[in-house]
Amino acid sequence: MNFLKKRETPVQNIAYIGIFSAVNIVFVLLSSLLPILFLLLVFILPLTSMIVTIYCKKRYYPVYFITTMALCLAVTAGFSIFDSFIYVLPSLITGFLFGILIEKGVNALYIVEINTIVQFILTFLTFLFIDKVITNINFYEAIFQTLGLADFKFKGVLTNIFTYIVAQIQIFITYVFVSYEAKRLNIEINLEVKYRFVLYCLYFIDLLLSIFSILYFPDYALLFALLMLPIILYELMELIGRKDKFIYASLFASFVIFIFLFAYAYQKMPAGTSLTLIHIFFALITIIDLIFNYCFHKKTNTIK
């Protein structure tokens, strides 16, 4: 029997939901008993939710959502109930969104970008809700104290970046699984960016938001820079994939320019925002990509 296949009947769907609800509970319990395993929990939960979304009929997902949350809250009550809010709840939502976007044929780059942002926001709001409404305990502050960083000056910056990186890894692991299983599900992953100018618009909007953050919300400035990392990596991989000596020369020149400008401006930036100068390199990559896509006729490669 093929475990990874579409479920058609109500019995098949309910049984499948039961299995993955149990899988989630096992991981929650393991992470509660051995806290070091929380990393495994963080990276597995979006994947299980996405699997249920793709293999089960959508009308059964609320059953999966409610069952998983109720059981996780029940089994962790009294010793680790907050794991269900911090890890399970956001992952149930992003896993479902990921599955829906894949089936709708949304471009893979946008899927990764959208789900990473959603996962970050949900995780951030969950911590905030627990802190302000339930326990009045700041979990991030507790982590800093455990690591001996209670007096660290830029805890806000580090908190945002850590949450974002974890969200990015979660979504990336889910995407890798989907890519591997796509053929077996007869699902075609859309790898082509048809309207490339949208990427450029998104980047320069993000650049403006970063500049605004540097001036008014410095704790979020580096976060805005990292939000565009998947798009920049996509552009960079496509440029390298063209195997054009002029592109290689342009990339090398942009890197040299970035190093000099970074070294010159680093000390002049407001405290805690110096690393946002990575935008210099991002902007140069985007400009090179724009020039070679619109000013020179080259066949666009597809990242696979």
- Descending semi-axes in Å of segment 201-304, equivalent ellipsoid built from Cα gyration tensor: 27, 15, 10
- Message: Run the numbers for F260 and V26: contour at 0.36 nm per residue of separation, minus the present Cα-Cα distance, in nm.
- Response: 79.1 nm
- Message: What FRET efficiency comes out for F129 versus A70 if R0 is 30 angstrom and r is the Cβ-Cβ distance? Round to the nearest 0.05.
- Response: 0.95
- Percent carbon-and-sulfur accessible area, segment 156-296, ignoring ligands, DNA and RNA, probe 1.4 Å: 75 percent
- Query: Tell me, what is the FRET efficiency for F252 and K5 to the nearest 0.05, using R0 = 45 angstrom and their Cβ-Cβ distance as r?
  - Reply: 0.40
- Message: Per-residue counts of other Cβ atoms within 10 Å, averaged by peptide: what ranking do you get for 244-253, 113-122, highest first?
- Response: 113-122, 244-253
- Message: Order 158-166, 226-234 from most to least packed using the mean count of other Cβ atoms within 10 Å.
- Response: 226-234, 158-166
- Which one of I231, A265, I161 has its Cα pushed farthest toward the positive end of the charge dipole of segment 157-304, where Lys and Arg give +1 and Asp and Glu give -1 at the Cβ? I231
- Item | Violating pairs (Cα-Cα greater than 24 angstrom) within the set K245/K268; K58/K194; K57/K183; K104/K194; K5/K194 | K245/K268; K58/K194; K5/K194
- Quick one: Debye curve from the C-alpha atoms of segment 197-240, no solvent, what's log10 I(q)/I(0) at q = 0.24, 0.32 Å⁻¹? -0.78, -1.05
- Any trypsin sites (Lys or Arg not before Pro) in segment 153-239 that lie in a DSSP loop and have at most 13 other Cβ atoms within 10 Å would be K153, K183, R184, K194
- FRET efficiency estimate (nearest 0.05) - Cβ-Cβ, D244 to Y195, R0 25 angstrom: 0.65
- Distances over 18 Å make up what percent of all Cα-Cα pairs in segment 163-255? 63 percent
- So how much slack lies between I117 and I173, counting 0.36 nm per residue of separation and subtracting their Cα-Cα distance, in nm? 18.6 nm
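The values are calculated or read from the model by the stated rules, or taken from the named source; none is laboratory data. Keep in mind the model is a prediction, meaning the values are calculated, not measured. Ideal geometry is used to build each Cβ from the backbone, glycine not excepted, and the neighbour counts take in all protein chains shown. Protein only, heavy atoms only, side chains kept; ligands, DNA and RNA dropped before computing areas. Shrake-Rupley method; radii C 1.70, N 1.55, O 1.52, S 1.80 Å.
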